[in-house]
Amino acid sequence: MSDNKIYDCIIAGAGPAGMTAAVYTSRAKMDTLMIEKGLPGGQMTKTEDIENYPGFESILGPDLSKMMFEHSKKFGADFARGEIKEIKDGYPLKTVIMDDREYKAKSIIIATGAEHRCLGIPGEKELSGFGVSYCAVCDGAFFEDQELVVVGGGDSAVEEAIFLTRFATKVTIIHRRDQLRAQKIIQKRAFDNEKIDFIWNHTVEEILGDGLVTGVIIKDKNTGETREFPCNGVFIYVGMDPITNCVNGLGITNEDGYIVVDGDMKTRIKGIFSAGDVNEKKLRQVITATGDGSIAALSAQHYVENLDEERKEMEMEVQYGNAGY
Ligand code: NAP
């Protein structure tokens, strides 16, 4: 099935980057379609408190997602649900291929974000959903009065460990180094929290359980010794991987899979822009994603305006020949 409409801009992904881009493109009167496979909001939907988005001292991630989503549609952007299989370049039209339909657009903004990374250890896959989780906001409440392990030392691991202390009697952060990567303010909250313990310089080698998690095997990086550490649940926060399967054929990613853009959010392909966590960059936050989204939208707008001019000139050339008209 194919939608005959030609969009000025299709936005792949409805996280903070995509939703901001939709506000900007549709407000600039571009025919806009935003496509999302899951819940609008991206990682915000899995975040409890957001306290570094200006204007909101503290707001629940799902609440900010809902507000942004309503805002993103306010100026007339269309919204479609589904997974994008492939984005194909073309001039003047690009094609977005879904399982059951295709869309055409003059410009594309990729804002597909990133997803949690797995540890790839025995027991992880088998016990996923049975004590192994990647989302404290979704699953934390199942662990009332239980003992939990959080793996990782970044913002996500430490913030979510703090969140999990609402339910758990004890949360142990197991980190592979002797220092956290998380922001200092978040670290301090964890160090001050009586329910949080740390195991430094250890890796998790295996997750144990028969139907439900019963513990983990951890390894001391200095001595090489392994031991069993009992727990009822394991929350894994060891970083993110960019979601780029739909652009694999375009050659716009770096060796780690992130999309390479310039300061205007332009990829190396004309008419294809990219914004948010899927991009190669230093700081991945809601605020940087929204900033990227606005810049990508403006670049897409300029590109489409020039494209329309170019097309008119080409039509004139065909009609009158290229003889000084
Ligand atoms: P991250 O910053 O990449 O941290 C990943 C953590 O997992 C690091 O501590 C890393 O250890 C550890 N790790 C990686 N691979 C591992 C492995 N195989 N085994 C054991 N440990 C491993 O990822 P994140 O915490 O998910 O954050 C992603 C991005 O979102 C970051 O840019 C972060 O700042 C941002 N974020 C911001 C907020 C906020 O502002 N409130 C909240 C959440 C996330 P090393 O430290 O040794 O590398």
Handout entry: Estimated distance in nm for a label pair at LYS37 and LYS170, the labels positioned 7 Å out from Cα along Cα-to-Cβ
Key = 3.9
Exercise for the section: Over the chain, with every protein chain in place, what whole percent of the accessible area is carbon and sulfur at 1.4 Å, could you tell me? Expected result: 49
Problem - Environment charge at VAL158 (Cβ cut-off 11 Å; Lys +1, Arg +1, Asp -1, Glu -1) - result: +1
Practice task
Please go through the range 121-156 and write out the GluC sites (Glu not before Pro) that DSSP classes as loop and that have at most 14 other C-beta atoms within 10 Å.
Solution key: GLU126, GLU144
Exercise for the section: In nm, give the distance between the simple-model label positions of ASN4 and SER128, each being 7 Å from the Cα along the Cα-to-Cβ direction. Expected result: 4.2
Problem - Set LYS5/LYS106; LYS46/LYS74; LYS73/LYS281; LYS29/LYS106 screened for pairs whose C-alpha atoms are more than 18 Å apart - result: LYS46/LYS74; LYS73/LYS281
Handout entry: Inter-site label distance for ASP264 and LEU212 at 7 Å from Cα along Cβ, in nm
Key = 5.8
Handout entry: Accessible surface, 1.4 Å probe, highest first, among residues LYS29, LYS88
Key = LYS29, LYS88
Handout entry: Loop-resident sites, the range 160-224, for GluC sites (Glu not before Pro), counting at most 12 other Cβ within 10 Å (DSSP)
Key = GLU194
Completion exercise
Asserting the computed 222 nm helical MRE of the chain (DSSP H runs at least 4 long, -39500 (n - 2.57) per run, divided by residue count, to nearest 500) equals -8000 deg cm²/dmol
Completion exercise
In whole angstrom, the spacing between the Cα centers of the range 235-298 and the range 49-121 equals 12
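The values are calculated or read from the model by the stated rules, or taken from the named source; none is laboratory data. It should be emphasised that the depicted structure is a prediction, and the values quoted were computed from it without experimental measurement. Using ideal geometry, Cβ is built from the backbone for each residue, glycine included, and neighbour counts are taken over all protein chains shown. Only protein heavy atoms, including side chains, enter the accessible area calculation; ligands, DNA and RNA are left aside. Shrake-Rupley method; radii C 1.70, N 1.55, O 1.52, S 1.80 Å.
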